[in-house]
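Enquirer: A single structure is presented below for examination.
The values are calculated or read from the model by the stated rules, or taken from the named source; none is laboratory data. Just so it is clear, the structure is predicted and the values come from calculations on it, not from any experiment. With ideal geometry, Cβ positions are generated from the backbone for all residues, glycine too; neighbour counts draw on all protein chains shown. Keep in mind that these areas ignore ligands, DNA and RNA; they rest on the heavy atoms of the full protein, side chains included. Shrake-Rupley method; radii C 1.70, N 1.55, O 1.52, S 1.80 Å.
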Amino acid sequence: LLQEHNIKEVVIAFDGAAAGRAASVRLLDSMALMDNVNVLVARLPDDTQPDDIVKTQGKAILDGMFKAAVLPIQFFVDTKRDATGVIQTKDRFSLIQELRDFLVSIPELHLDLAAKYLSDELSVDILSIKAFVTELKLTKSGLLNKESELSIIRHVMLNPRAWSIVRQAVIDAKVFTVGAYQYVFGAMDSCHVKARS
């Protein structure tokens, strides 16, 4: 309905209670439907409601909270922070796994924003995040060539003289669907070019 009316951006404000925060996080499940709509979540103080804020502090304060709204993924990540505002190392590793269904389902526009945010926030290379998502999508689609790709890399490592034959068959490292294999093949290709020159 929002898209039919050409709405480009929506700011959602749930109550600042546990139920409201849970609803904000569940919003991630609906992001796949928001193809051309930028969705943001306003962060309200604990145990407050939008109308209470207007009554007690004035509309300008609520407007300020709307202007400071964040991406749903940022809101989700913030729920993982400890009392000091830090995300513990163990939570950093589990966070992207928890977000896997969300990352696979969202449109490209939202994926670019989400990957950039996660990269900055968790100090993870943005290309690694995108490769992870691409691999998940391929796995889901059944088009993953994992065993074949691993066989190619094993063959070249065990038989370095076969590189030129393999290189003619594999025109570009991008034919690999597994991000790690694509990286290894590309690195081997660079080494081979340098060695020949």
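Enquirer: Pull out the extension gain between Glu98 and His192, defined as 0.36 nm times the separation in residues minus the alpha carbon to alpha carbon distance; nm, one decimal.
Expert: 30.0 nm
Enquirer: Compute the angle between helix 146-158 and the longest alpha-carbon principal axis of the chain, please, reported from 0 to 90 degrees and rounded to the nearest 10.
Expert: Taking Cα atoms only, the helix is inclined about 40 degrees.
Enquirer: Also, quick follow-up: Using just the helices of the chain, give the 222 nm mean residue ellipticity in deg cm²/dmol: DSSP H runs with n ≥ 4 each add -39,500 (n - 2.57), and the total is spread over all residues, rounded to 500.
Expert: Helix-only estimate at 222 nm: -18000 deg cm²/dmol.
Enquirer: Can you tell me, using C-alpha contacts under 8 Å and at least 6 residues apart, the relative contact order of the chain as a whole percent?
Expert: Over the chain, the number comes to 16 percent.
Enquirer: Hey, another quick one. Through the Karplus equation 6.51 cos²θ - 1.76 cosθ + 1.60, θ set to phi - 60°, convert the phi angles of the stretch 66-77 into ³J(HN,Hα) values in whole Hz; use x for Gly and Pro.
Expert: Going residue by residue, I get 5, 5, 8, 4, 10, 5, x, 5, 5, 4, 4, 4 Hz, with x marking Gly and Pro.
Enquirer: Still on this structure, please answer the following. Which entries in Lys67/Lys130; Lys80/Lys137; Lys80/Lys116 show an alpha-carbon gap greater than 27 Å?
Expert: Over 27 Å apart, Cα to Cα: Lys67/Lys130.
Enquirer: Further, regarding this structure: How many nm separate the modelled label positions at Leu122 and Glu4, each set 7 Å beyond the Cα in the direction of the Cβ?
Expert: 3.7 nm
Enquirer: Taking the simple approach of a point 7 Å from Cα along Cα-to-Cβ for both Gln57 and Arg167, what is their distance in nm?
Expert: Each label point is offset 7 Å from its Cα along the Cβ direction, giving 6.3 nm.
Enquirer: For the chain, give the percent of accessible area contributed by carbon and sulfur heavy atoms, probe 1.4 Å, rounded to a whole number.
Expert: Roughly 57 percent, rounded to a whole number.
Enquirer: What is the extension gain from Glu108 to Tyr183, computed as 0.36 nm multiplied by their sequence separation minus the C-alpha to C-alpha distance, in nm to one decimal?
Expert: 24.8 nm
Enquirer: Report the local net charge at Val54: Lys and Arg +1, Asp and Glu -1, summed over other residues whose C-beta lies under 14 Å from its C-beta.
Expert: -2
Enquirer: Roughly how tilted is helix 108-122, in degrees to the nearest 10 and between 0 and 90, from the longest Cα axis of the chain?
Expert: The answer is roughly 90 degrees.
Enquirer: What's the angle, to the nearest 10 degrees (0 to 90), between helix 126-141's Cα axis and the longest principal axis of the chain?
Expert: 80 degrees
Enquirer: What does the charge count around Ser197 come to, taking other residues whose C-beta lies under 15 Å from its C-beta (Lys +1, Arg +1, Asp -1, Glu -1)?
Expert: +2
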